[in-house]
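Just below is one structure, and these are the notes that go with it.
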């Protein structure tokens, strides 16, 4: 009688997923038991390496090399998952909640203004007007904010940031910021965030330049037609991005993205990642959207 047992081959995908969940589970378990704390920081920025390693493992013929590359890709992705998990607030003891209010007075002589906002993970809202140039309310249990301003000729530049944004969120952590702007000056906005939920309604403002850089994100952005030429650049990792643009403005989209689902209703596909509305060339007001995203969902609607 033949008692030979046929062993099922270990596929690269099984090695990848098995290693991923084992490493991610061990990292989170060690952090929960306070045995070891890892400061991953902004490792999520290197997420494209996961696809590079996985692609090489698919192309190569040697089984041992494929297995090694799959393990490396899984370990890197596990570290990224742990970093996002830690940054969103599940890694230790609660901190004291701090509430702050910031404001910058409005001067009618100002014709332009810029805001640079720097923070880590959290929930951020920028959608209402106010009588001041800038007003913000913060509620956070893992860091305080500060603001710097500089006046030059007919403009003012604001830098609003968390004092130590590398402090990781803890269990029950909260980092919520609500911001308001004066609708008078032409605005340039630069938002540098971590794992974030961002709700920004800029339809009431003359927003000439908008730069958003974030990690794992849920971004909801609404634009208006006050600026003759509005340029918006969004750079994100694992993200869901939805942008609303007015039908009165012509709009073009350029998209450089990885594993991405796109929904650009009312736009013509011009090829090479470029899309335009039919009224773009003739429109008096134009909006330029540029996306650089990883594993993401991109949606642009007209209203």
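Values as computed for the structure displayed
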| item | result |
| --- | --- |
| Footprinting exposure proxy for 102, 205 (fewest neighbouring C-beta atoms within 10 Å first) | 102, 205 |
| Residue 148 paired with residue 14, simple spin-label distance in nm, labels 7 Å along Cα-to-beta-carbon | 5.6 nm |
| Ranked packing of 215-225, 146-156, most packed first, by mean Cβ within 10 Å | 215-225, 146-156 |
| Length gained when the stretch residue 101-residue 268 is fully extended (0.36 nm per residue, less Cα-Cα span) | 55.7 nm |
| Residues residue 261 and residue 292, FRET efficiency given R0 of 25 Å [Cβ-Cβ distance, rounded to 0.05] | 0.95 |
| Antiparallel bridge percentage (DSSP; both residues within the range 177-303; nearest 5) | 10 percent |
| 142, 303 arranged by Cβ crowding within 10 Å, fewest neighbours leading | 303, 142 |
| Fewest-first sequence of 261, 114 by Cβ atoms within 10 Å of each Cβ | 261, 114 |
| Difference of contour (0.36 nm per residue) and Cα-Cα distance, residue 21 to residue 123 | 33.9 nm |
| Relative contact order, percent, the range 98-302 [alpha-carbon distance under 8 Å, six or more residues apart] | 19 percent |
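Any read-out appearing in this document is the output of simple, stated calculations on the displayed coordinates, not a laboratory observation. Because the structure is predicted, anything quoted here is derived from the model rather than measured. Note that each Cβ is placed from the backbone with ideal geometry, even for glycine, and that neighbours are counted across all protein chains shown.
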